[in-house]
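The values are calculated or read from the model by the stated rules, or taken from the named source; none is laboratory data. Computed from a prediction, not measured in an experiment: that's the story for all the values here. Backbone-built Cβ (ideal geometry, glycine too); neighbour counts: all protein chains shown. Side chains are part of the model used for accessible areas, which takes the heavy atoms of the whole protein and leaves out ligands, DNA and RNA. Shrake-Rupley method; radii C 1.70, N 1.55, O 1.52, S 1.80 Å.
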Amino acid sequence: MEFFANLPEFSTVISQIFVGLSRSMILFMVAVGLTVSIGVLRVINFANGTFYMLGAFTAWSVALWVGGTAGFWVALLIAPLVVGLLGLAVEAGLLRRLYNRPRLMQLLLTYAVVLLFNDVTKLIWGVDFKSMRAPLSGYITFFDGLLYMPSYNMLLLISGPLVAAGLWYFINHTMTGKIVRATATDREMVDALGLNSNKIFAIVFMLSCYLAGLGGALIAPTTNIVVGMGMTILINAVLVVVVGGLGNIWGAFLASLIFGVGESLGLLIAPRFAIVFPFAIATILLILKPTGIMKSVW
Amino acid sequence: MLEVKDIHTYYGLSHILFGVTLEVRKGEIVCVLGRNGAGKTTIMRSIMSFTPPSQGKVYFNGKDITRLPVFKIAKMGLAFVPDNRRIFPDLTVEENLDIAAHAGRGRGRSNWNKEKIYELFPPLRELDCRQGGFCSGGEQQMLAVARALMGNPDYLLLDEPLEGLAPLVVRELVVQIERLRKEGLSILITEQNVRAALKLANRVYVIDRGEVRFQGTVKELEENEEISRKYLLV
Amino acid sequence: MLNIMGDMSIERKMSWVKLISIGIIVIVLLFAPAYLSRYYLYLATLILVTILFATSLNLPLGYGGLLVLHQATFYGVGAYSFAILLKETGTPVLPAAAVALLSALILALFIGWICVRLRGLYFGFLTLAMGQLVWAIVYRWYDFTGGDDGIHAIPVPDMIRSEIGAYYVILAVVIVSLLLIYRVVKSPFGLTLQAVRDNPQRCESVGINIRNHRLIAFVMGGGFAGIAGVLFVILERSVAPPIMFWTHSVEILIMVLLGGMFTFLGPAFGAVALTLLATFFGIFTEYWLLFLGSIKIIMLLFLPQGVLGFVEEKITSKIRNKTV
Amino acid sequence: MKKNRFAISLFLVMMLLLTALVLGGCEDPEPAEPPPDDPEEAVFERNIKVGIVDTYTGPPTVYTYDALDAFELALKEINEEGIHGVEMEFVTRDEEFAPDQALSWARELVTREEVDVLCGFMSSASALAVSEYVREEQVPMITWAAQSEQITGEAGHSYVFSVVPNTRISGRAAANFLAELPYTRYALVGSDFEFGHAIITRFWDTFQELRPDAEVVLETYWPVGEADFTPYISSIRGADPEVVVAAPGGADQIPLTKAIGDAELTDEMEVYLHIGTDHAALSALGDEAPEGMYGSSSYHYYYPETEENLAFAEMFYEEYERYPNFVGYNGYITAHLIAEAFREAGSLDGEAFAEALSGLTIDSPVGPITMREYDNQLIHPFFIGKTAEHPDKPYLISTDITMLDGEKIMPPVEEIMEVRGE
Amino acid sequence: MLRVEKLEKSFDGFMAVNGVELSLDKERVVAVIGPNGAGKTTLFNLITGHLSPTRGKVWFKNQDITGLAPHRICHKGLSRSFQLINIFPQLTVYENVQVALLSQQKKVLKMLTPSKAMLEEETYSILEKVGLADYAGIQCTYLSYGDQKILEMAIALGNKPEMLMLDEPTAGMSPEETISTLRLIRDLAEKEKLFILFTEHNMNVVFDIAEKIMVMQQGRTIAQGLPAEVRADKQVQAAYLGEES
């Protein structure tokens, strides 16, 4: 068991980079949900990982109910919506009461929500291993075998930029998006213009939960759907958000790429220490650029 | 008509306003004068219910608006321009106006649009695409007023609109505010700059330590030297 | 209103209450082994360790205003250093404890030195990232730390091995540590630390080096957490990586917050209450996290200043109303 | 004002302590036990209490709840007959996969609930932590899921028992089986925690002795809870082995099996998955599992097709509408082992129980099983087969099953003595 | 005592302070006046190290203190108060001043002696000097606005400075409070031999007590000299006084 594995072939490195990119996309969806809620609501939502998990569970149920390959596509539509609505309930029922309290309180409240939802999920879905069918199977090859990856990862690879672009359009070119940006910097003034900032907050929180749910629904076919699956990705997503600059969507995108590709390549170089990579990357980046690689809204 | 009746307002534990009563009638400019810390901004914040009064009432056109959510009050036709402008720094000048127009769509008779705004404040036309955060103080003040107007309000609350502006800009702004009254707006201004404020106002309130010490016309104030000396340090 | 501090009778009454309370607590604690059954004695000891851990967090958090999100790092490093020294090298207890404390302090100094440049949440997240890095190393470095299996059968000397022995040793160390922290909090350092928390800018302009102050508070908190880690090993004679996972830190944070973070004994109260709650829910229901989560949510919603903060506010406002 | 703060705090802490005190004081000590007399005629004066410490939160619950259900099922059988005139009952505690929690609960069960036996333990670290504690308390414990070889190996003692094949056994079993096949190029992969590393290491140590001509072309590990196995599949492909030996832990089973199926890896090379053919994983995967993959399990509800085994499976199915996985089965036999040992010991004393259990043989659904005397590790057959579709079932099952004799794959006692330094 | 040479500070291209020159030697009480946004507070922040200048130098007691950290400058004997109330809200009035004294005496790192009785005499003497001794035990957020401004000054005095910089010390005060504060400032200059540099809005105040006045507008010095000279300056009248009074 040497520290360094044998140096891999070039095509393996290329494939690994692309696989890393596709992994980044899932991380990005959870992280961007977090960063949006941080940017606008100033709330760090530890429950985001749990919403990701709920996205996967809901997708599993929906896919089972619909059946067949179509099941996945229906689940992809419905599951994030369900999670989004659940997020709305959490915002309106709990979080809204804490906006004027110290941030630490909100952070811990969302953590308590994690505990609660984990047990509720166990009550609803039971404890069996759950697995869901992917809509695409098999591998595809590009460039004479230089790049070789599962077709489903291609789907992930495309979905990430799509979500990012959609979000960019929403934030910059729709009226709601403009109001969201305004709310992010000055909530009181938005109210003073006659716009209900509570509603904007609710929309943003719902959006952030929707994105987490979307991430969960997308990852569901490749993974084991279990209670607690949100914890690993949550801590990585939190680090991505911080490294990217709190509240900065593009920062989150960039940081997700760094994390995903870094981890994938790290696997090739020193597989035994793969688990250390995300934290090491985050620590180094934060030491170099303490407030994140992109401009933070704070 | 905007009526404030005997309001008491607290910030946390500190008692700021002690039974303030004032009114703004339709089509007039009313000026609240007082020193730093006298409670001028708090009056504005109480009316808009950012900091709702714990006692007393605020009526707008006869309706009790005390403790209504801020956005509902704004929707009724009250627009607030805060003392530090509070332009949305990440939005361009145009976007700042856009969202205000969106908020005020289908409201009021005055029907402000961007063209009309640019006519009133010509410098804004050139700044269209600049981010609000990069505008100078005078430009921001114009933008803040313009933004408030885009919501087609009937009443305008201007909190220290002249503070920190160069004399030339002050003169310009005074003219523009005067024009707004002619457009049919009723305006409540708080000011420290007594000279400029008196040029504008129909009626004046002087407040100190959270209480109204004087009310009357500009002429009455000018005649009452004791008040001027004691509370306004002119 | 101006008479708040002038009313001597209240103060005198309070000091009596204080004295009597201390007396009762000392007696209750000293004779605990006499009336507590074995399990509850163990639970009491565990609570004592948790009290020290929570209070160690409150020093930088409540008094220094530093958002330390990963205090369990130092707890874990203290515990691991102590465990490894005892198990692998057979070092006697006292030197081993000293080295464990030292390693917690050094790590805290290192992490703190990097982190105190940052403010607020950024500070918190950097501590989180670095703490998780330490956790990952401990989790991975099998030859040295036992990896995820942890280290068990740690040879603690017989004297402190028995439940009663462990109880008294831990009681003594916890009380001494708490007294030390109390003194620090009431010292000029503690006073200026609170000033730094309230208004760092002003502190700079009265000549206080705020970075130094924060760093010292952070390192001291880390040191006391390390001591708590050592005590944990004495009690359990086993360590494993979950004790330094980030969720453990969050649990402790909740204790501090629910107890009341601007009060000295708030964290202790939170530690007692939440440990007991977790134990009783764990015994009575399989879905204990559901109950615990709900209780935490309710408390966060309705007791923003923490339990002690809430009670204190009630009482002081009553006193104020009387005196005004 | 500041002074009051302290006094009030003190008062509240005091009240809490008093509450704890009252609660603690309420426990009245159990009367001492009478000395054991002849086991055959002994009559116990109270029910037997078993404490189960296991993980009921997070990924491993699919196993732990099966074990719990099977344990309860066995209790019904046992209590019909009774043990020296009394029944067996149990209490459970959730340790959240955290050793410190497990230890804390073990203490609670032993000193407050005063259980006679502890069992459960999904997490090896928890089992190891509690093992040290029960050694001192002289309360026997039985692990039914934790597979660390240390439990009955290096850290073993007379009060700790294991009914689950540990990493040493599983590794040896895989080596024995694969040594019969003609392949020489091996890729070794696993979950990045002790379990994964141990399986791989034990496998390779044994395998090298049996087949000195074999070589390792790749060795890699992934973090536990990995969501996407694509990069690992790519690197396996890149190394081009003839056989992949994989040791995924707990929840990694599903995504790994799925990724293997998706990549159609079994068409290019042989794949051996530790616990890969267990019911828990295969039933969840449906027809997404790859066909023709080697996998192992210590129990199949459909094999051996003996009357006893099928009867047990049906009984379980009737009760819970599902078939048991291997940990479920372990829960079942654990209950029977405990009952039989108490019958044999004729006393509620921990020492007598441990002595009786050590070396005990009982009949199980898969035939007679024996608790090996020296290291208290259950001698149990081990099954390796290849996945294939079944006409009646919506999921794949294991076929062409080779049943490896428990005696043969167990490490010899000398080996255990050596690691214990005896 | 204090000398400021060609000080410049720009924020994203905006010159907040542009080539300001200032010196305090003979005159003990010096005022900086100018309309809002003229750069007075920025100038203060540059001198006390809260901001570092883009160009220029600050000399204090013939030492170059340009760009030093605020706490170091403070220990050299230059202390300041703030325009907006800037005190320690959770501490008592007594503790507010005590913190400054402890810092001045370099006792802030003492960890094991109780702070309560430390420097009691000095603290009370300062509180008495400014007239807050009666409120010593009160949490300072309960003080009135005017008293909080006084406390602000008391904290600055706690540093036992040789030179005191006051940013709008009477802003928002009632006329009575303003008068007593002015008396206090004059007393400090005469009895305690303090150098005082202050900014002010209120003209009467300035001409009343300042021995020397500097007028700023849009980051520049437009006049500097004795009150009478400044009052007579055409430029000042046009730009500032003309509009104000």
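Rounded to the nearest 0.05, what FRET efficiency do E:Arg183 and B:Arg181 give with R0 = 60 Å and r taken as the Cβ-Cβ distance? Could you check?
Working: r = 44 Å, r/R0 = 0.74.
With a Förster radius of 60 Å, E is 0.85.
Among the protein heavy atoms, those of E:Arg3 account for about 90 Å² of accessible surface (1.4 Å probe, every chain in place). Checked against a 20 Å cut-off, the cross-linked pairs E:Lys40/E:Lys129; E:Lys129/E:Lys149; B:Lys5/B:Lys26; B:Lys63/B:Lys182; B:Lys26/B:Lys75 give Cα-Cα distances beyond that limit for E:Lys40/E:Lys129; B:Lys63/B:Lys182.
Net charge near E:Ser81: determine it from the other residues with C-beta under 11 Å of the C-beta of E:Ser81, scoring Lys and Arg +1 and Asp and Glu -1.
In short, 0.
Rounded to the nearest 20 debye, the dipole size of chain D about its Cα centre is 1660 debye, using +1 on the Cβ of Lys and Arg and -1 on the Cβ of Asp and Glu. The relative contact order of chain D, computed from alpha carbon pairs under 8 Å that lie at least 6 residues apart in sequence, is 18 percent.
Which of the peptides A:194-202, E:166-174 is most tightly packed, and how do the rest follow, judged by the mean count of other Cβ atoms within 10 Å per residue? List each step's numbers first, then the result.
Values: A:194-202: 20.4, E:166-174: 22.9.
With the highest mean Cβ count within 10 Å placed first, the list reads E:166-174, A:194-202.
Each listed q (0.07, 0.11, 0.12, 0.13 Å⁻¹) maps to a log10 I(q)/I(0) for chain E from the Debye sum over equal C-alpha point scatterers, namely -0.23, -0.58, -0.68, -0.80.
Think of region A:1-123 as a dipole: +1 on every Lys or Arg Cβ, -1 on every Asp or Glu Cβ, centred on the Cα centre; then among A:Ala75, A:Leu98, A:Ser22, A:Leu98 lies furthest on the positive end. Extending 7 Å from Cα along the Cβ direction at D:Glu314 and again at B:Asp64 yields two label points whose distance is 7.7 nm.
What is the local net charge at D:Glu321, summed over the other residues whose Cβ is closer than 12 Å to its Cβ (Lys, Arg +1; Asp, Glu -1)? Don't jump to the answer; show the numbers that get you there.
Numbers: positive: D:Arg322; negative: A:Asp128, D:Asp69, D:Glu314, D:Glu318, D:Glu319.
Net charge in that neighbourhood comes out at -4.
Solvent-accessible area per residue in region A:2-226 equals 34 Å², computed with a 1.4 angstrom probe and all protein chains kept. Secondary structure note: in region B:2-232, about 55% of the DSSP beta bridges are antiparallel.
Which aspartates and glutamates have a Cα less than 17 Å from the Cα of D:Lys258, not counting those fewer than 8 places away in the same chain? Of all the aspartates and glutamates, those that pass the test against D:Lys258 - Cα under 17 Å, at least 8 places apart if same chain - are A:Asp128, D:Glu226, D:Asp228, D:Asp267, D:Glu268, D:Glu270, D:Asp278, D:Asp287, D:Glu288, D:Glu291, D:Glu389. For the protein assembly as shown, DSSP calls about 50 percent of its internal beta bridges antiparallel. Only the Cβ atoms of Lys and Arg (+1) and of Asp and Glu (-1) were treated as charged; on that basis the dipole of region B:75-138 about its Cα centre amounts to roughly 360 debye. Here the scattering of the protein assembly as shown is modelled by Debye summation over its C-alpha atoms, one equal scatterer each and no solvent; at q = 0.04, 0.06, 0.09 Å⁻¹ the log10 of I(q)/I(0) is -0.31, -0.68, -1.29.
Translational diffusion of region C:20-323 was estimated from the Stokes-Einstein equation, with Rh taken as the Kirkwood radius over Cα pairs; at 20 °C and 1.002 mPa s the coefficient is 107 µm²/s.
Using the Cβ-Cβ distance between E:Phe11 and C:Ile315 with R0 set to 51 Å, the FRET efficiency from 1/(1 + (r/R0)^6) comes to roughly 0.60. How many angstrom lie between the Cα centre of region B:145-192 and the Cα centre of region E:27-69? Value for the Cα centre distance between the two parts: 35 Å. Each of A:Phe142, C:Thr55, C:Ala83 was placed along the dipole of the protein assembly as shown (beta-carbon charges, centred on the mean Cα), and the one lying farthest toward the positive end is C:Thr55. One decimal place: the segment D:Arg420-D:Lys76 gains 120.0 nm when fully extended, by the rule 0.36 nm per residue minus the C-alpha distance.
Relative contact order of region A:2-226, taken over Cα pairs closer than 8 Å and 6 or more residues apart, is 42 percent. Within region C:125-275, all pairs of alpha-carbon atoms sorted by distance into 10 Å bins from zero give the percentages 9, 29, 36, 20, 6, 0.
Pairs of Lys residues in region C:20-323 are counted when their Cα atoms are under 27 angstrom apart and they lie 8 or more places apart or on different chains; the count is 4. Between C:Tyr182 and C:Arg117, the modelled labels are 4.0 nm apart [label points 7 Å from Cα along Cα→Cβ]. Distance from the C-alpha centroid of region C:17-59 to that of region C:189-255: 21 Å, rounded to the whole angstrom. Computed log10 I(q)/I(0) for chain B at 0.08, 0.09, 0.11, 0.18 Å⁻¹: -0.28, -0.35, -0.53, -1.42, from the Debye equation with unit scatterers placed on every C-alpha and solvent omitted. In a fully extended conformation the segment linking D:Asp287 and D:Glu373 would gain 26.7 nm over its present Cα-Cα distance, using 0.36 nm per residue. Taking the dipole about the Cα centre of the protein assembly as shown, with the C-beta of Lys and Arg at +1 and of Asp and Glu at -1, give me whichever of C:Ala153, C:Leu105, B:Thr51 is farthest to the positive side. Comparing the listed Cα positions along the dipole, B:Thr51 ranks first. Under a model in which nothing but the beta-carbon of Lys, Arg (+1) and Asp, Glu (-1) is charged, region D:35-178 shows a dipole of about 720 debye around its Cα centre.
Using helices alone, what [θ] at 222 nm do you get for chain A, with -39,500 (n - 2.57) per DSSP H run of 4 or more residues, divided over all residues and rounded to the nearest 500? Intermediate values should be presented prior to the final figure.
Values: 11 runs with 212 residues, N = 298.
Calculated mean residue ellipticity at 222 nm is -24500 deg cm²/dmol.
Counting only aspartates and glutamates at least 8 places from E:Lys76 when in the same chain, those with an alpha carbon closer than 14 Å to its own are C:Glu204, E:Asp64, E:Glu162.
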